[in-house]
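Below is one structure, written out as C-alpha cells, with a few remarks after it.
The values are calculated or read from the model by the stated rules, or taken from the named source; none is laboratory data. This structure is a prediction, so every number in the text was calculated from the model and none was measured. So basically every Cβ, Gly included, is an ideal-geometry build from the backbone, and we count neighbours across all protein chains shown.
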Amino acid sequence: MSRKLKGIAAAPGVAIAPLVHFHGTLDQIPTWKVAPEGTAAEQKRLQEAIVEVARLLRELQQELASALTSQDARIYDAQVAILHDPTFLADVTREIALHGVNAEVALQRVVARYEVVFESMADPAMRERAADLRDIGRQVVCALMAKARSKYTANGCDYLFCADEFLPSDAGILDRRHIRGIVTAHGGKYSHGAILARSLGIPAVVGVEDVMIKAPSGTNVVIDGDSGMVILDPSAEELAQYQQRLREQRSAESRISEVRFDPSVTTDGTAIRLYANTESVRDLERLEADAIAGIGLFRTEFAFMERKQFPTEQEQVTMYCRAMEGAKGKPVTFRTLDVGGDKPLGYFRTPDERNPVLGWRGIRLCLDWPDILYTQLRAMLRASALGPARILLPMVTTKAEVVRCREVLTHLMQDLRDGKEQHDPNIAFGVMVEVPVLVPTLPDILPLVDFISVGTNDLVQYLLAVDRDNQRVAKMYDPFHPGVLRVLEQIAIYAASARKPASICGEIAGDHLFTPLLIGFGYRELSMAPVFLPRVKLTLRSFSLAECRALAAEARALDSAAAVRHLVTEQVRVRWQRFLESPEANRP
C-alpha cells in the first residue's frame, strides 16, 4: 500500500527510482591530546586543510559553472569566505591551544557553537549559514584526515538521493548520470542545496520529517517536485500516472527550446513581453538577447555585495553602461539598492533587528542615507544616455516616499543639465509593489510613476504571514492561495485604469503554471530568471487570451490553493501534450 509524505517543493519535476540513504557525517573523528609544544604544528595542519578545501571548492565551482547561474555559483564564494573568516579561524586555533585538542575536535566544537547561534537568529539568511558551517566543517575534517569523500552512487543504477540535508559540497560528489531526484529531512525552498538542485535540473522535495526513518533504503519512491509530495511504494495506478508525467516532462525538455526564439504571443496573437532578471553584467554575457524583450529586473545590490566598500559614482556608471550595452538597445530596469533584511553589506553596519525582513531595508534605508541614493540615481541617469533605462524603487510603503524620490530625481536631472552631461530626461520611473498596504493606495501612487512591478516573493510572504524560510511554516507559503490571486488581479485592475504598465518580477513570473493566470488577470510583462523563459513562452503560446481570462476567473473562485494548482496543472498539461504530439499546434 502506498504512503504519502508531504514536504516542501524545492525543485520542479517528477522522479521515480529506488531511494538510497546517504550519511554526511564521518563515522569516527580521531581524538588526541595536544601538548603545548605541539600546538603550532596542529594549527599548521588546520591551515593546510583550509587551503586544500578552498582549492576543492574553486574546482567544484568551475566544474558546475556551465550548469549554474552566476548568482548560484556565488554559493561557493560564500563558503570560501567562511573558510577565510578571521574570527572563525581564531576561535578554532584558540580551542586547540586552550584545551589541548587536535584540530578535528576543535573544529567540531566551534562549528557546533556557531550552529546554535545561527539557528536561533530571526533572519532566515543568517539561519541558513548554519548549514554552510556544517558543510565547511565536514569538508575540513575530511581534509585533516586526508580522507577523500567518495561519490554518492548506487552501483551504476538510477537512484534518489535521500539524506538529512543536501549541502553545497554534495553537488560535487553526486553521480549526476544516475541521480534522478533529491529528498531530505531538513532544509527550505531557499536553502543553498535547494537552489543548486533547481540550477542542476534535479527534482527535489525537502523538509520531509523523519524521511530516513519512514522510508528505508531501496524503497521505490516517486518525487513530485511540483507539489512537494513524496510517494512511497506507489500503487500501479499512481506509478502509471507519474510515469506518463515523466514521459511528458522528458519530451518537453528535449523540445521546449524549439520555441525560445518564437514570438511571445497567445494563440490569438496577444503580445506578452518576457524579460530576464539579472544580478550582474556577467549574467548578460550568457543571455540570448533575441529571445527576450529586455532586462526586467537588474538587481544592483549584488554588485555592492561583491565589494569591500561602496562603489563610487563612476564605478556605478561603468557597470550600468555595460548592462545597457549588453541589452543591445532593449530596456533595462535598474532596481535601486535593496540591502538589509537577508542581503547585508559587510562594510555597512546595520543595527540588529528582531525581524529584519520587516525592518530597515530597501528604499527606507536609502532615504535615511540620501548620499547612497543620490549617487546611485545620478549614475543610473548618466547610463541612460545609452538607451532605454528604467528606475525601480524597492520596498515602497507610502506615497511620501515616492514623492521624495521623484524630487531627488528632478533635482539630479537639473544638475546634469547644468553640467551639460548626457542623460535621458524622460527616463521611466517606477515602484515595486511588495508591501500589502501599498495595494489599496495604488490609485494615489500610480499618477506619480510611469510603471509598477510586482515583487511577488515578499508580497506573498507578507500576505500569508508566512516566513518561507522557516521549515515549520514554509509549507503554507503558496502563491496559488485564492486570496493572493485576488490581490494580484486588483493590482492589474488599478494599473489598467491608470493606463500604466504592470509587470511581475517575482518567482511566479517564471512558474509556467502561473502564466495563464497572470495573463488572464491583465499582466502583459513578466520578468524571470532566464532558465524559465522557454517554458513560460511555450505555455503562453498554448492559450488564447479568452482561455486565460476564463481560467483566471475560475481559479479566483476556488476555495483552496490545492484546488487552484490542480485546475491549472491539468489545463497546462492538456495543451503541452497537444504540442508534444504536434508542434505545429503551438504555432499561432
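Things to note:
- Some residue of region 144-151 being modelled with pLDDT of 75 or more and more than 30 Å from GLU42 (Cα to Cα): no
- When the helices (runs of 4 or more DSSP H) confined to region 362-475 are screened for residues that are polar (S, T, N, Q), those reaching at least 2 such residues are found at 370-383, 399-418, 456-464.
- Every test in (1) buried (at least 22 other Cβ atoms within 10 Å of the Cβ); (2) of a type in the set (A, V, I, L, M); (3) outside any helix (DSSP H, G or I) is passed by ILE231 save one, and that test is (1).
- Some residue of region 72-86 being at pLDDT below 85 and under 30 Å from TYR242 (Cα atoms): yes
- If the condition is being more than 30 Å from GLU288 (Cβ to Cβ) and either free of Cβ contacts under 8 Å to residues at least 40 places away in the same chain or touching a Phe, Trp or Tyr at 6+ places or on another chain (Cβ under 8 Å) (or both), then region 222-271 contributes VAL222, ASP224, ILE231, PRO234, ALA236, GLU237, ALA240, GLN241, GLN244.
- Qualifying residue in region 517-535 (condition: surrounded by fewer than 23 Cβ atoms within 10 Å (Cβ to Cβ), more than 30 Å from LYS6 (Cβ to Cβ) and either hydroxyl-bearing (Ser, Thr, Tyr) or without any contact (Cβ under 8 Å) to a residue 24 or more places away in the chain (or both)): no
- Hey, VAL408 over 24 Å from MET319 (Cβ atoms) and either over 27 Å from the mean Cα position of the chain (by Cα) or surrounded by fewer than 20 Cβ atoms within 10 Å (Cβ to Cβ) (or both) or not: no
- Residue-level check: of (1) in contact with a Phe, Trp or Tyr (Cβ under 6 Å, 6 or more places away or on another chain); (2) in a helix (DSSP H, G or I), ALA293 misses just (2).
- Taken across region 511-521, residues that are hydrophobic (A, V, I, L, M, F, W, C), touching a Leu at 6+ places or on another chain (Cβ under 8 Å), assigned by TED's automatic domain parsing to the domain that holds PRO440 and over 25 Å from ASP290 (Cβ atoms) do occur, with at least one present.
- Restricting attention to region 229-251 and to residues that are hydroxyl-bearing (Ser, Thr, Tyr) and modelled with pLDDT of 85 or more, the residue that is nearest to ALA9 (Cα to Cα) turns out to be TYR242.
- Here region 27-50 is the region considered, the condition is being among the β-branched types (Val, Ile, Thr) and surrounded by 12 or more Cβ atoms within 10 Å (Cβ to Cβ), and the residue that is nearest to VAL105 (Cα to Cα) is ILE29.
- Every residue from region 88-104 that is part of a helix (DSSP H, G or I) and either of a type in the set (Ser, Thr, Tyr) or more than 33 Å from the chain's Cα centre (by Cα) (or both): THR93, ARG94, GLU95, ILE96, ALA97, LEU98, HIS99, ALA103, GLU104
- Complete set of residues in region 161-184 that are modelled with pLDDT of 90 or more and within 20 Å of LEU64 (Cα to Cα): PHE161, ILE179, ARG180, GLY181, ILE182
- Selection of region 409-428 for residues being closer than 30 Å to GLN490 by Cα and either among the hydroxyl-bearing types (Ser, Thr, Tyr) or touching a Phe, Trp or Tyr at 6+ places or on another chain (Cβ under 8 Å) (or both) yields LEU409, ALA428.
- Scanning region 259-291 for residues that are in contact with an Asp or Glu (Cβ under 7 Å, 6 or more places away or on another chain), under 15 Å from LEU518 (Cβ atoms) and exposed (fewer than 15 other Cβ atoms within 10 Å of the Cβ) gives no hits.
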